[in-house]
Ligand SMILES: [Zn+2]
């Protein structure tokens, strides 16, 4: 996997320029359990962290927000 990428990060920026950092991480392009090489890319640590953070933010947005009702402080409960 990392050999296919020539040990280089495969991330491409919005201008089409490829990152040239040394690839240290193996990333799933689409999240999940597809481990075929077509779904894998070599990334440097920085790009992998960027992608992971973005996916986590998207997952948070996708989840319906459920907020618990605030509980009264136990010391304030009327006995
Ligand atoms: Zn990179």
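One table, with the values for the structure above:
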{"item": "Tally of residues being at pLDDT 90 or above and either over 26 Å from residue 7 (Cβ atoms) or in contact with a strand residue (DSSP E or B) (Cβ under 7 Å, 6 or more places away or on another chain) (or both) across segment 35-60", "result": "12"}
{"item": "Residue list for segment 37-73, filter: surrounded by 10 or more Cβ atoms within 10 Å (Cβ to Cβ) and not in a helix (DSSP H, G or I)", "result": "40, 41, 42, 43, 44"}
{"item": "Index of the failed condition, residue 22 passing every other in (1) without any contact (Cβ under 8 Å) to a residue 24 or more places away in the chain; (2) out of contact with any strand residue (DSSP E or B) (no Cβ under 8 Å at 6 or more places or on another chain)", "result": "(2)"}
{"item": "Count of segment 2-22 residues which are surrounded by 13 or more Cβ atoms within 10 Å (Cβ to Cβ), more than 16 Å from the chain's Cα centre (by Cα) and either modelled with pLDDT under 90 or part of a loop (DSSP other than H, G, I, E, B) (or both)", "result": "4"}
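The values are calculated or read from the model by the stated rules, or taken from the named source; none is laboratory data. Being a predicted model, the structure only gives us computed values, none of them experimental. Note that we place each Cβ from the backbone using ideal geometry, even for glycine, and neighbour counts take in every protein chain shown.
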